[in-house]
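K.L.:
Quick one: the structure is below, and I'll ask about it shortly.
The values are calculated or read from the model by the stated rules, or taken from the named source; none is laboratory data. Computed from a predicted model, the values in this text were never measured in an experiment. Here the Cβ positions follow ideal geometry from the backbone for every residue, glycine too, while neighbour counts run over all protein chains shown. Surface areas here come from the heavy atoms of the whole protein model, side chains and all, with no ligands, DNA or RNA. Shrake-Rupley method; radii C 1.70, N 1.55, O 1.52, S 1.80 Å.
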Amino acid sequence: MPNLISNFYSQFVKRRFFYLFFFILFLIAISFLVENFFVKSIEIDWETISIEKTALLISQSQNHFQNFQNDAASLAARIARYEPIVKSVSGGDEQLLFQSLKIFEVYSGSVEVYDSELDLLGWSKSIGSDIKLDRISPKPFSYIKQGSIFSWLLIVHPILKNDLPIGYVFVKKLFDVNYPLSNRFISSEIFEEAFTQSLDYPVSFDFSDRLKASEVKGVISIPFKAIDGSFLGYGYRQAYTKGAVIDEVKQNFLSVRVFLIIFLSLFVLFYSSKIVHTRVRFFYRALITAAVLWIVRFLWLAIDFPTGFFPISIFDPSYFASGFGFGIAKSIGELLITSIILIASVVYIGYDALISINRNSKLNLNSVIWLIILILISITFLFLLRGYTAIVNSGVFDSNLSYINPEFPPFELLIMYLCLFLISASFVLISTLLILYSYWNKNNYLGWLFVFVIFIVASFIYGELHPNPLTSNLERSLIISGLLIIGIISQKFIKHSKAINTKNALLFGMSAVLLAAYFLFSAVQFDMRSKLKSFASEVARPVDNWIAFMIDEALNQIATKETADRLKSHSDLKNYAFTEWAKTILSREGYNCRVTIINGDDRIVSNFQVGSMTTIEQKPTIRASRSIMVWEEEEGFVKHYVGFAPIFFEDKTLAGAVRIEVSATRGELFRSDSYEIIKTYTGNDFKAYYKKLYYSEFINDWRIYTSNRELASVYRSIPLADSLLRNKNNFFVEEIVDGKYFETVYVKSTDQQNKYIALSGERGDVVRDVLNFLRLSLFFLVVCCTIYFILWLVIIGYRKRKFEFNFRTKLLIAFIIVSVIPIIVISYYNREIATQRASELNRTNLEKQTDVIYSHIKKSFSLKSDYLSNSELISEIAISTGIDFSLYSNSEIIASSKPELLDAEIIDRRISPDAYYNIKILGRQFFVESQAIGTFEYLVGYQAVINKQDQLAGIIAVPTLYNQASIEEDLQERNTYLLGVYTIVLLIAFSLGIFFAGQISKPIRRLTDAAIQVGEGNFDYKIPSTRRDELGKLEQTFNEMIDEISQKREELIKYEKELAWKEMAKQVAHEIKNPLTPIKLAVQHLQQAFKDKADNFDDILKKAVSMITEQVETLTRIASEFSNFGRLPSRKLEKYEVNEILKEAIHLFEQYNNVNFKFNSFAPELRVNADKEELRRAFINIIRNSIQAMNEKGSVSIFVEQVDENVQINIHDTGQGISDEIQNKIFEPNFSTKTDGMGLGLAIVKKTIDDLGGAISFTTDKDTGTTFIITIPLVTDNE
Amino acid sequence: MKLIIHISLMLLALIALNLTAQEVGQELNREVFNAIESGVDAGDIDRFAGYFAKQVYVSTRGGESGYFSSSQAYYIIKNFLTARKPLGFSFTTYGFADEIPFATGSALFRFKGNRESVQVYAALSKSNGKWVIDKINFY
């Protein structure tokens, strides 16, 4: 390890990263100095800076406002010049005008077209209240008009013909909302909001007091101009303060520093992985990379990146926020980052672990130690499981996401599915590894049984010790069994040391899909039940103090001296209740309520109601005392919160009173008109999980009320109300009543003894649960497939391969396409048909309702418009029929059974252009269209009212505002079933696709495998063919062909052997002949000298002996080289440590003083199976060659490391490299550039390494020298 | 007479006990309100996050409103307070609605260069014998 650290450090220092690292640190330090400089500058030059910033603010605001106006003005100009519109206005063609205006519906803002007499001709899209054109000019102009609730920017553009105005285009855009109104009432983008968001500072507008800039100190007045240059009004913003500007500067510098830290962390991550890439063992590399990843993760968390920088929905804690790990799961986005790092770490480390488990199949551990390890691992596993289930539970409990809502999941939910899948996959992988590490003999099933028993026993003990485990004993047992099977199978799938292969990826992926879907579904069930309990407690609570508080606050706001003065002046107070309501928190929170203002004569002077309200019979009567009361009707079924406050004049005499009423109907809990607090409390999953929710009350164990009218006669007493349950304040039971399954929470009432309230959720049948589970599985499956596909693309791109599929994959893709496309098409049409049917049903219902209203109107009136406008009679019809409706005469509303929204200008008083076009212009009797208030969509049915003269007397409009929710519920129910069924069909299609693709491609794959085997020299390979079809014949022919090839090959080998021996004999003879000649000559010379009795015989003898000895040595070396080359494999193979052999080889060359040897090994224990002498000779041979290549002067570097399952030895010299011409010959026998050798050295080295199952290659360069790269397979201790 | 004195004494003791219990209860819920007050004043949610109920009704100005888990509530309010620089806060009204204590007060923040006044409303509920924050609204 110290070696590792020192190497890491040296690499770090060597690289440019070192300089960059300190440069970024330097920049961070500098940023503090610069920040300080800026702060000081602001303090010194505050006056100038303040003036400059104010000027900039004014010009920015004016430009932005001008752009907003120009958009509307250019739209008005386009419409005014649009030929069909000019033609329709001049020719009075109403039909053409409406058709032409429809084109402009896509633009924001509503459009109206007037003639030159300012009579309305046509309009498109209605937004909010109705404002009539009351000013004209021959040139385009703009102005701001303030309605009672909204402010509008109005653009007027003349329609010219022959340069004369024949009409006017009037474009109306929503500018501002005068009150803090809930978004549920606003249908269009508000300019003021967009303005604030884009400039990042709030500006308030006031166009009522046009010519006066604010004189309040600390307020900047921004003058705005109309498109014709005239003055419009002022916008106001708080003036800059020195402290705020300094804060802003500091915040900017903080952002710069955060950016630098992020940059730095990414560099650390990137370069640390590069530095450790090849220098250390894979396991350490994985550990280092994982550690760096997690350090970077927490560093980001510390600087609040990316949450603080990207204000997008996936970083919004209102979707999901968990308290896990110091904020690593504080939003969906943060959880995504965490889960990616988790899976990366687990896969990276797990990859090595899986292989090493596979390799270390025989561990000789003492049984007791093994048992202790086993128990420790089982405990660790149980804690992991607990952590995993806690995360999945948190995914449900700490989120407002709707997991089982049958609609297509929104983006945030898809990301959440991805996170949960990645976490599940990490859990499956790490748990499998833990189980595998607890035992190593993969083929001993008895041993595995023992492991299983220990895990199960530990699981049961855990269940007993832990008071509230998140999993049951059965669930844990099933998971242990599953993981054990996965572990054993995964080991079988490891081939060629590739742990993460397609089969294992599929195995772990599918297991993760099932586990994630199961636990998520269980968590949803658990969460729904706990929400049912909380909800029941909420409903049982006698008073909701928040509602009471809001009423109190609203009373304070309305019962003021100003209201008293208004009452005194007897001014028109028709809309006063509404405007006062709009100022209160009740309007901002969007509660359904009624505000009534009573004067001193006990007469209602102003009344406003929003949303459906159940009327309390009690008439509001003036009182001198203030109070807030709660009424319950129908035994608590309806709750009314009524606040009452007297209004006093200054002299303390009674001026009148204000009464505010908020009511909630418990039976209508999930309907769109129920109050917001309950809607947000339950969430969408509640609707999908429980078919319906019923409220019941029990006194003395007997039910006295239920909202479930179907079961009113069946369901009479509290079931299981035994003494144990009686002592509890609330209890949960599962009940089957009249064949229907309910989950019910009984809560003891706090205001009356022996009284219980019960909330019963009606569940669907088991099939519905199974389908919901399958639906979740489908989404996880899609996520899993998407990840695989992306990984596959990345791998293909990384390896620069072409997109190639094998035959089986091609078949599988073809099957899937053929099966999935019809399913998608069918599901699309099925959904369309379902929606169409629902729409037809709505249409029919609406038609029936309008008919009912029509017949009532016919009975009540003589169909004269004067009568039609009688609102009281209209209300009577609405009450008697139970249908809310409005009546239009021409385009204007004349009466409504719910006039409040119209009075409040939330709904336009003008009929929708489409309805007018279809009923009035095209003469249709009935027409249906979709409309919206805020985000709430609903249908409206229009019916023509024809008078006795067969003329159109009016138009009835019936909205489905109050039953749209039940229509949506029906659609959702249908979607659940359809999606579940499609999941089953898709799974069957996938399974059949995989099966048939496998079956059809099997003979082809067998042929391919056989061809590969034969190609590798295995001529004994036979295809086990049992088929009798064409492919069977092909297999048989292939086998026969291989037999023939094998026979021919043997003959050829025999011939080649003979030839080789002949060649060898010739070569041996030739080589032996060379030294024999000098020997012969020396002997002859010696003989002659002896005969001649030469004087220098001693010298001659000495020389001759020396010569003969030298030549004999050459002969010996030749014999030795031939012997080595031709030696049969009678090696003595044993396990040897490579580093030791290398060191011995280097030791032999120490006498070369001019050669510098460097030896580096990053893996201390690298064992190979080899003949030690032979391997040593091979190393000596290469080192000798290297020394000779450098002319015995330079350096030889030897570098040893583990690469996958091999040892890699790099022997590098600083010689002149190997020339291009001989590079492909150096491993051939008899090739040498030297004069004294046989050229067999490297050929022998190659043969030695090849025989060990390794490989030898080289890289060479004339400047840097040559590197021989030798890889030899490693062996483990157990092999 | 003796009996009357005994009964009177017992009644007095009971009343005293009851009053003490009420005071203790009020002290306990005042402790929660104090924590909220101090936390909002310092812009530090950690000072009162420990008192959150399992599900808390949270409403923030310009943000989502509804019931959230305590973890969600923690981060929603943390984000709200982090975006603002607190300039001062204290509860000005304490009250009971149907035995459920609540408190309101006006907090002053600096937000995007502007001074912003936010009304804070907090209501408690009892869970396992302890007062916990049931609703907290910044409106």
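K.L.:
Can you compute the modelled spin-label distance between residue A:217 and residue A:572, with each label point 7 Å from Cα toward Cβ, in nm?
P.N.:
Placing both labels 7 Å beyond Cα along the Cβ direction yields 4.2 nm.
K.L.:
Compare A:157, A:64 by solvent-accessible area with a 1.4 Å probe and give them largest first, with all protein chains kept in place. All intermediate terms of the calculation are to be shown ahead of the outcome.
P.N.:
Numbers: A:157 25, A:64 55 Å².
The ranking, largest first, comes out as A:64, A:157.
K.L.:
Within the set of other residues whose C-beta is less than 11 Å from the C-beta of residue A:482, count the net charge using Lys and Arg as +1 and Asp and Glu as -1. Present the calculation step by step, with values, prior to reporting the outcome.
P.N.:
Values: positive: A:476; negative: A:475.
Neighbour charge sum, excluding residue A:482 itself: 0.
K.L.:
Can you give the accessible area of residue A:1027 in Å² (nearest 10), computed on protein heavy atoms with a 1.4 Å probe?
P.N.:
We get 90 Å² for residue A:1027.
K.L.:
Evaluate E = 1/(1 + (r/R0)^6) for residue A:1016 and residue A:1064, where r is the Cβ-Cβ distance and R0 equals 30 Å; express this FRET efficiency to the nearest 0.05.
P.N.:
On the way: r = 27 Å, r/R0 = 0.91.
Step by step, r from the Cβ atoms, then E = 0.65.
K.L.:
How large a share of the accessible area of segment A:743-783, in percent, is made up of carbon and sulfur atoms when the probe is 1.4 Å and the other protein chains stay in place? Please list the in-between numbers first.
P.N.:
Details: 830 of 1360 Å².
After summing per-atom areas, the C and S share lands at 61 percent.
K.L.:
Moving to a separate point now. Enter the mean number of other protein chain beta carbons within 10 Å of the beta carbon of each residue in A:237-247, as an integer. Don't skip to the answer; put the middle values down first.
P.N.:
Working: counts 2, 6, 2, 2, 4, 0, 3, 7, 1, 0, 3.
Other-chain Cβ atoms within 10 Å of each residue's Cβ, averaged: 3.
K.L.:
Beyond a 25 Å Cα-Cα separation, which of these cross-linked pairs lie in this structure: A:1143/A:1262; A:1073/A:1247; A:132/A:225? List each step's numbers first, then the result.
P.N.:
Details: A:1143/A:1262 27 Å; A:1073/A:1247 27 Å; A:132/A:225 22 Å.
Where the Cα-Cα span goes over 25 Å, the pairs concerned are A:1143/A:1262; A:1073/A:1247.
K.L.:
I would also like to ask the following. I'd like the FRET efficiency for residue B:130 and residue B:38, computed as 1/(1 + (r/R0)^6) with the beta carbon distance as r and R0 of 25 Å, rounded to 0.05. Please list the in-between numbers first.
P.N.:
On the way: r = 19 Å, r/R0 = 0.75.
In this case the efficiency is close to 0.85.
K.L.:
Still on this structure, please answer the following. For segment A:300-320, which residues drop by 30 square angstrom or more in accessible area between the chain on its own and all protein chains together (1.4 Å probe)?
P.N.:
Buried-area filter returns A:317, A:318.
K.L.:
Using a simple charge model, +1 on the beta-carbon of Lys and Arg, -1 on the beta-carbon of Asp and Glu, nothing else, what dipole does segment A:1126-1221 show about its Cα centre, in debye to the nearest 20? Working shown, then result.
P.N.:
Working: 12 positive and 16 negative charges, 69 e Å.
So the magnitude is around 340 debye.
K.L.:
Another question, if that's okay. Based on Cα positions only, what radius of gyration and what Dmax would you give for segment A:1053-1191, in angstroms?
P.N.:
Expressed in Å, the Cα Rg and Dmax of segment A:1053-1191 come to 22.0, 69.
K.L.:
In addition: How big is the A/B interface in buried accessible area, both sides summed, 1.4 Å probe, to the nearest 100 Å²? Walk me through the numbers before you get to the answer.
P.N.:
On the way: alone 66420 and 8540 Å², together 71890 Å².
Approximately 3100 Å², summed over both chains.
K.L.:
If I ignore ligands, DNA and RNA and count only protein heavy atoms, how much of residue A:848 is accessible to a 1.4 Å probe, in Å² to the nearest 10?
P.N.:
120
K.L.:
Modelling each spin label as a point 7 Å along the Cα-to-Cβ direction, I'd like the residue A:60/residue A:1204 distance in nm, to one decimal.
P.N.:
Going by the 7 Å Cα→Cβ label model, 5.8 nm.
K.L.:
Please work out the FRET efficiency for the pair residue A:255 and residue A:583, using the Cβ-Cβ distance as r and a Förster radius of 35 Å; give the result to the nearest 0.05. Kindly include the intermediate steps, with their values, before the conclusion.
P.N.:
On the way: r = 38 Å, r/R0 = 1.08.
The formula returns an efficiency of 0.40 here.
K.L.:
Quick check on my link table: of A:583/B:112; A:531/A:691; A:173/B:78; A:574/A:948; A:53/A:330; A:102/A:172, which ones sit more than 26 Å apart, alpha carbon to alpha carbon?
P.N.:
Correct reply: A:173/B:78; A:574/A:948; A:53/A:330.
K.L.:
With all protein chains present and a 1.4 Å probe, how do B:131, A:702, A:123 order by accessible area, largest first? Please report the intermediate quantities before stating the final value.
P.N.:
Numbers: B:131 40, A:702 145, A:123 10 Å².
Ranking B:131, A:702, A:123 by accessible area, largest first, yields A:702, B:131, A:123.
K.L.:
Please compute the per residue accessible area over segment A:375-468 with all protein chains in place, 1.4 Å probe, rounded to a whole number of Å². Could the numbers behind the result be given before it?
P.N.:
Values: 3780 Å² over 94 residues.
Per residue, segment A:375-468 has an accessible area of 40 Å².
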